[in-house]
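Enquirer: The structure is given below, and queries will be raised subsequently.
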Amino acid sequence: MSDELIFFTNPQSRGRIVRWMLEELGQPYRTELLDYASSMKAPEFLAINPMGKVPAIRHGDTVVTEAGAICAYLADAFPQAGLAPPLGDKRRGPYFRWMFFTAGPLEAAITDKSLGLEVPPERRPMVGYGCYEDAINGAESALKAGDYLLGDQFSAADVYFGSAIGFFLQFASLEPRPAFVAYAERLQARPAAVRARQIDDALIPAEPQPEPA
């Protein structure tokens, strides 16, 4: 099929975010499982993502990498799922705001902190997230709209932002503020999120894999 949707992933990767997004869409897709030691660095996959990392999708002739970009693309490619505000909707601004906030300031701030890196106060203007506290306070402010980032409407931005919040809470990289915990629990209870976890958990090999490169 010219518009076949192919999902390249590993069950122990950020591909779990895209799996959840695909389950929310309810569209048929084919999964291609890759391993860190060989197929992820093979020429066939490097032609799709030269970085040799998952997730990635191919939808017809279109290739998309990066979990946030994939979520945004799929929401627009399948508008019938209602996972992105349409053009002209005032909620489209916050939708993109928090999608890109997750990929930029939030992940960078938490990753740096996890690595023991601290931005000196005089260097904060050079850093996109400023400082860790600013990024975390910004993330908490996103949850004031309601149950979801867009108030009462669940969207692809919740898939991406919510996946990050849930992951960072799970590994104690993010302080468990009540707003974060309640939001993560609410999202993890969604039927599509439960299905996605079950699918990926069943695909995790019994033998441990090498650490991602």
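Enquirer: With the checklist (1) surrounded by fewer than 16 Cβ atoms within 10 Å (Cβ to Cβ); (2) in contact with a helix residue (DSSP H, G or I) (Cβ under 9 Å, 6 or more places away or on another chain) in hand, flag the one item Tyr95 doesn't pass.
Expert: Evaluating Tyr95 over (1) surrounded by fewer than 16 Cβ atoms within 10 Å (Cβ to Cβ); (2) in contact with a helix residue (DSSP H, G or I) (Cβ under 9 Å, 6 or more places away or on another chain) leaves (1) as the failure.
Residue-wise test of (1) closer than 18 Å to Phe167 by Cβ; (2) not hydrophobic (A, V, I, L, M, F, W, C).
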site	(1), (2)
Asp3	no, yes
Ile6	no, no
Val18	yes, no
Ala37	no, no
Pro50	no, yes
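Enquirer: Quick one: how many residues across segment 191-213 are modelled with pLDDT under 95 and either assigned to a helix (DSSP H, G or I) or not small (Gly, Ala, Ser) (or both)?
Expert: 8
Enquirer: Do you know which residues across segment 151-181 are closer than 21 Å to Tyr95 by Cβ, of a type in the set (A, V, I, L, M, F, W, C) and surrounded by fewer than 22 Cβ atoms within 10 Å (Cβ to Cβ)?
Expert: Scanning segment 151-181 gives Phe154, Phe167, Ala179, Phe180.
Enquirer: I'm told Ser114 meets every condition in (1) in the same structural domain as Leu174 (by TED's automatic domain parsing); (2) within 14 Å of the chain's Cα centre (by Cα); (3) among the polar types (S, T, N, Q) except one. Can you identify the failing condition by its number?
Expert: Going through the list (1) in the same structural domain as Leu174 (by TED's automatic domain parsing); (2) within 14 Å of the chain's Cα centre (by Cα); (3) among the polar types (S, T, N, Q), Ser114 breaks only (2).
Enquirer: Restricting attention to segment 4-50, which residues are assigned to a loop (DSSP other than H, G, I, E, B) and exposed (fewer than 14 other Cβ atoms within 10 Å of the Cβ)?
Expert: Glu4, Gly26, Pro28, Ala37, Ser38, Ala42, Ala47, Pro50
The values are calculated or read from the model by the stated rules, or taken from the named source; none is laboratory data. Since this is a predicted model, take the numbers as computed values, not measurements. With ideal geometry, Cβ positions are generated from the backbone for all residues, glycine too; neighbour counts draw on all protein chains shown.
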